[in-house]
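Visitor: One structure follows; several queries about it will come next.
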Amino acid sequence: MPPLYPKVKPNPLQKANLCSRLFFWWLNPLFKIGHKWRLEEDDMYSVLPEDRSQRLGEELQGYWDQEVLKSQEDAREPSLMKAIVKCYGKSYLVWGMLTCLEEAEEWLLVAKILWAESYH
């Protein structure tokens, strides 16, 4: 009978330096394995402590409890969407804005190339 919780590899992101994090070098060993053969569950790294479902669930539970109390004070139905936005909205907003800037940069480059070709 296989073990219930097989031994997983420690996540290299925990010990990665700034350059490794910035350029995703910490993923190179996984990319090499994936290049050689199809990745299996045993090839995956363990989940970071800050990304574990228990911690994230407890954090969301706290915001949900606050939303329930506030909705009782305001005599309305509690909103799960409000709790989720309060819990995770800031981080998604920041990353979303950075992604929009990155995409806008690509479109501006294409527009600049088209403009330069049409006038020269």
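Visitor: Counting just the Cα atoms, what span does the chain cover along each of its three principal axes? Round to the nearest Å and put the largest first.
Guide: 67, 52, 27
Visitor: Which trypsin sites (Lys or Arg not before Pro) in segment 15-55 pass both tests, a DSSP loop state and at most 15 other beta-carbon atoms within 10 Å?
Guide: 38, 52
Visitor: Considering Cα pairs under 8 angstrom that are at least six residues apart, work out the relative contact order of the chain and quote it in whole percent. Numbers along the way, then the final one.
Guide: Numbers: 50 pairs, mean separation 20.6, N = 120.
Relative contact order, the chain: 17 percent.
Visitor: Of the options 75, 54, 85, report the single residue whose Cα projects farthest towards the positive end of the charge dipole of the chain (beta-carbon charges: Lys, Arg +1; Asp, Glu -1).
Guide: With unit charges placed on the Cβ atoms, the residue in question is 54.
Visitor: DSSP loop (so not H, G, I, E, B), at most 13 other Cβ within 10 Å: list which GluC sites (Glu not before Pro) in segment 1-110 pass both filters. Walk me through the intermediate numbers first.
Guide: Details: sites: 40, 41, 50, 58, 59, 67, 73, 102, 103, 105, 106; in loops: 40.
Counting only loop positions with at most 13 other Cβ atoms within 10 Å, the GluC sites (Glu not before Pro) in segment 1-110 are 40.
Visitor: Here is a follow-up. Please turn the phi angles of segment 21-28 into ³J(HN,Hα) values with the Karplus equation 6.51 cos²θ - 1.76 cosθ + 1.60 (θ = phi - 60°), one per residue in order, whole Hz, x for glycine and proline.
Guide: 3J(HN,Hα) across segment 21-28, in whole Hz: 5, 5, 9, 6, 5, 5, 8, 4.
Visitor: In addition: Distance in nm between label sites at residue 35 and residue 8, each 7 Å beyond Cα in the beta-carbon direction?
Guide: So the two model labels end up 2.6 nm from each other.
Visitor: How large is ³J(HN,Hα), in whole Hz, for each residue of segment 72-81 in order, when computed from phi with the Karplus curve 6.51 cos²θ - 1.76 cosθ + 1.60 and θ = phi - 60°, using x for Gly and Pro?
Guide: Result, ordered by residue: 5, 5, 8, 6, 9, 6, x, 10, 5, 4 Hz.
Visitor: Structure shown: which of 7/90; 70/90; 7/36 lie over 27 Å apart, alpha-carbon to alpha-carbon?
Guide: Table pairs above 27 Å Cα-Cα are 7/90.
Visitor: Placing unit charges on C-beta atoms (Lys and Arg positive, Asp and Glu negative, everything else neutral), compute the dipole magnitude of the chain about its Cα centre in debye, rounded to 20.
Guide: Dipole about the Cα centre, nearest 20: 480 debye.
Every read-out reported here was derived from the displayed coordinates using simple, explicitly stated rules and does not represent laboratory data. Given the structure is predicted, the values throughout are model-derived calculations rather than measurements. Reconstructed Cβ throughout: ideal geometry from the backbone, glycine too, with neighbour counts over all protein chains shown.
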